[in-house]
């Protein structure tokens with residue numbers, strides 16, 4: 001289609017934010033649909049910066065990470081960028097990918113990945129960095145880097161904990177594309193829903209999450225992250241500390257009291 005010279009130019013790649021003030025939920029969207037939402041250095045830096053800024057909000061309850069268009073969540077790292085790399089610049093670029101994924105993991109509140117279309121390479125790593133993953137049934141997943149002459153790295157290291165070593169080897173060594181139903185069976189996806197039900201499925205998870213104590217959820221996410229790196233004994237000790245520390249606020253006493261009051265009303 002020919003664009004009239006008087007028409008405004010379409011916006012370039014960007015990160016969009018919609019913040020629901022009443023629920024303190026942030027919806028962050030990767031907006032580069034002309035390139036299947038591929039991640040270039042500018043997008044990666046902007047995403048890490050926005051997530052870091054959101055993480056400083058003490059009232060934040062949850063983040064939904066998605067993208068625009070229906071063809072892809074993220075179709076991978078930007079091919080044009082990678083084609084021009086040498087060894088030194090490759091290290092810098094992949095560090096940017098890691099920074100964006102790390103910013104997701106460092107958020108003190110749960111992050112829900114809203115997945116549609118292609119979820120490939122760096123897009124799958126970004127999804128793996130989220131706490132929960134909801135996908136449309138038509139979504140397609142893969143780590144095709146080996147077919148482009150490079151290994152899958154950085155947050156691909158999260159995959160064995162999600163799908164096991166055998167599935168990880170298959171995914172990374174073959175570079176093939178898989179459907180959402182199969183990725184749910186593997187354990188990568190928490191929910192797979194009809195394409196038109198993606199937003200309602202995300203809303204259902206948010207509804208359940210917002211019914212919980214906000215401080216308890218923050219403590220739980222922090223504890224889960226610690227468990228990933230701790231041996232069993234130390235993980236249990238960390239849990240004891242986290243349980244006791246919960247009483248540093250009024251949240252346990254208040255919410256336990258509300259539960260007791262509801263139980264008494266039901267028994268009357």
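Read-outs throughout are calculated quantities, based only on the coordinates presented, and are distinct from any laboratory measurement. All values derive from a computational prediction rather than experimental measurement. FYI the Cβ positions are ideal-geometry reconstructions off the backbone, even for glycines, and counts take in every protein chain you see.
Descriptive notes on the structure:
- Mean separation of Cα contacts under 8 Å, 6 or more apart, over the residue count of the chain: relative contact order %: 14 percent
- Full-extension gain in nm, residue 71 to residue 185, via 0.36 nm per residue minus C-alpha separation: 38.8 nm
- Order by protection proxy (mean Cβ within 10 Å, highest first), peptides 44-55, 97-108: 97-108, 44-55
- Most to least packed among 80-87, 62-69 [average Cβ atoms within 10 Å]: 62-69, 80-87
- Beta bridge orientation in the chain: antiparallel %, DSSP, nearest 5: 35 percent
- Shape descriptor for segment 109-219: Rg over Rh equals 1.00 (Cα atoms; Rh from the Kirkwood inverse mean 1/r).
- GNM flexibility winner over the chain from 170, 228, 22 (Cα, springs under 10 Å): 22
- Segment 214-267: C-alpha gyration tensor shape, a/c 1.5 cut-off, then a/b vs b/c: prolate
- Virtual spin-label span in nm between residue 250 and residue 165, 7 Å along Cα→Cβ: 5.1 nm
- Prolate/oblate/rounded call for segment 31-127, Cα gyration tensor, a/c under 1.5 rounded: oblate
- Cβ-derived FRET efficiency at R0 22 Å, residue 153 paired with residue 85, nearest 0.05: 0.95
- Per-peptide average of other Cβ atoms within 10 Å, ordering 174-181, 31-38 highest first: 31-38, 174-181
- If R0 equals 22 Å, the separation of the Cβ atoms of residue 242 and residue 204 corresponds to a calculated FRET efficiency of about 0.25.
- Nearest 10 degrees, 0 to 90: helix 159-174 Cα axis against the chain principal axis: 10 degrees
- Alpha-carbon centroid distance for the pair segment 35-99 / segment 200-238, whole angstrom: 24 Å
- Across 119, 28, 74, mean-square fluctuation computed from a Gaussian network of the chain (C-alpha pairs under 10 Å connected) peaks at 28.
- 0 to 90° range, to nearest 10: angle between helix 251-267 axis and the chain longest Cα axis: 60 degrees
- Rounded, prolate or oblate (a/c below 1.5 giving rounded, otherwise prolate when a/b exceeds b/c) for the chain by Cα gyration tensor: prolate
- Rounded to 10°, Cα long-axis angle of helix 214-229 versus longest principal axis of the chain: 60 degrees
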